[in-house]
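The block underneath contains the structure these notes are about, expressed in structure tokens.
The values are calculated or read from the model by the stated rules, or taken from the named source; none is laboratory data. This structure is a prediction, so every number in the text was calculated from the model and none was measured. A quick note on method: Cβ atoms are made from the backbone with ideal geometry, for glycine too, and the neighbour counts reach across all protein chains shown.
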Amino acid sequence: MAKVVIFGILDTAELAHWYLTNDSEHEVVAFTVHEEYKKEDSFQGLPLIAFEKLQEEYSPGEYFLFAPMTGKNMNRLREKVYLEGKEKGYRYISYVSSKATVCGNEIGENCFILEDNTLQPFTKVGNNVVMWSGNHIGHHGEIKDHVFFTSHVVMSGHCTIESYCFFGVNATIRDYSHLKQGTLLAMGASLTKAETEEWGVYLGNPAKKMEGKKSFDVY
């Protein structure tokens, strides 16, 4: 069991508090945000602390962080907060729902894996990865750091997902695919190519690359 401070005061932080309270052994003790966004002194009945002053009240030696934020700016906003916490000396928990199916997978820190995800054997998950509910993660794959799966995404076997990728609802990825850094596969898109381009946006079925746009321009 860890004593945990959650970063954020928006929906994802509220959900994280619910999941940790109702489906983990961890104890949520406080919330934190950057000082410019701190308008109150509490959230969900717990102290709300300015991130810049967090170490003064919640020592990194005693408390853990959890920052399960959205995928905005192609996960780079979440990465920034994650790295700031690391610089302060904090360790991170991960949350894996008791209603997810996992098979001894290697899962990194600050991951938020919700109910009805299926992670087949021999697939590794990096740090700071979010999997919303109901995804199928195929066998013998690798998901690197700062990746976001929305819901009902199918990732077939033997895929490599590089950092900063984002997958819309009902996206499908064929087996043996290599998705380069920053790939955005849109809602309902079906990737039949074996490889994408860095920071590319792919739409449709079969998925085609959007010309003239980078993923960080779109999301």
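Quick check on this structure: which one of V154, V169, V147 is surrounded by fewer than 24 Cβ atoms within 10 Å (Cβ to Cβ), modelled with pLDDT of 95 or more and within 21 Å of R78 (Cα to Cα)?
Numbers: V154 fails: within 21 Å of R78 (Cα to Cα); V147 fails: surrounded by fewer than 24 Cβ atoms within 10 Å (Cβ to Cβ).
Matching residue, one of V154, V169, V147: V169.
Does G8 count as assigned by TED's automatic domain parsing to the domain that holds L83, of a type outside the set (A, V, I, L, M) and on the phi > 0 side of the Ramachandran plot? Outline the logic, then answer.
Working: assigned by TED's automatic domain parsing to the domain that holds L83: yes; of a type outside the set (A, V, I, L, M): yes; on the phi > 0 side of the Ramachandran plot: yes.
It is true that G8 is assigned by TED's automatic domain parsing to the domain that holds L83, of a type outside the set (A, V, I, L, M) and on the phi > 0 side of the Ramachandran plot.
Just one of the listed residues (L48, L15) is at pLDDT 95 or above and not in a strand (DSSP E or B), and it is L15.
Here is a list: Y176, Y202, Y164. Which entry is within 25 Å of H140 (Cβ to Cβ) and in contact (Cβ under 8 Å) with a residue 24 or more places away in the chain?
Y164
Residues in region 86-119 that are touching a Lys or Arg at 6+ places or on another chain (Cβ under 9 Å) and outside any loop (DSSP other than H, G, I, E, B): Y92, I107.
Here H136 clears all of (1) closer than 22 Å to L15 by Cα; (2) under 12 Å from the mean Cα position of the chain (by Cα) except the condition numbered (2). Within region 59-69, can one find any residue that is in contact with a Ser or Thr (Cβ under 8 Å, 6 or more places away or on another chain) and of a type in the set (S, T, N, Q)? Within region 59-69, not a single residue is in contact with a Ser or Thr (Cβ under 8 Å, 6 or more places away or on another chain) and of a type in the set (S, T, N, Q). I'd like to verify a number: residues in region 97-116 that are over 16 Å from T12 (Cβ atoms) and either buried (at least 21 other Cβ atoms within 10 Å of the Cβ) or more than 14 Å from the chain's Cα centre (by Cα) (or both), how many? Result for region 97-116: 10.
Can you find even one residue in region 58-75 that is in a helix (DSSP H, G or I), free of Cβ contacts under 8 Å to residues at least 40 places away in the same chain and surrounded by fewer than 21 Cβ atoms within 10 Å (Cβ to Cβ)? No; the residues of region 58-75 include none that is in a helix (DSSP H, G or I), free of Cβ contacts under 8 Å to residues at least 40 places away in the same chain and surrounded by fewer than 21 Cβ atoms within 10 Å (Cβ to Cβ).
Residues being outside any loop (DSSP other than H, G, I, E, B), under 11 Å from the mean Cα position of the chain (by Cα), modelled with pLDDT of 95 or more and farther than 19 Å from G8 by Cβ are represented in region 122-130 by at least one member.
For region 165-219, the set of residues classified as out of contact with any strand residue (DSSP E or B) (no Cβ under 6 Å at 6 or more places or on another chain) and of a type in the set (V, I, T) consists of V169, T183, T192, listed by residue number.
None of A100, A16 is touching a strand residue (DSSP E or B) at 6+ places or on another chain (Cβ under 6 Å), assigned by TED's automatic domain parsing to the domain that holds V130, of a type outside the set (K, R) and under 14 Å from V130 (Cα atoms) except A100.
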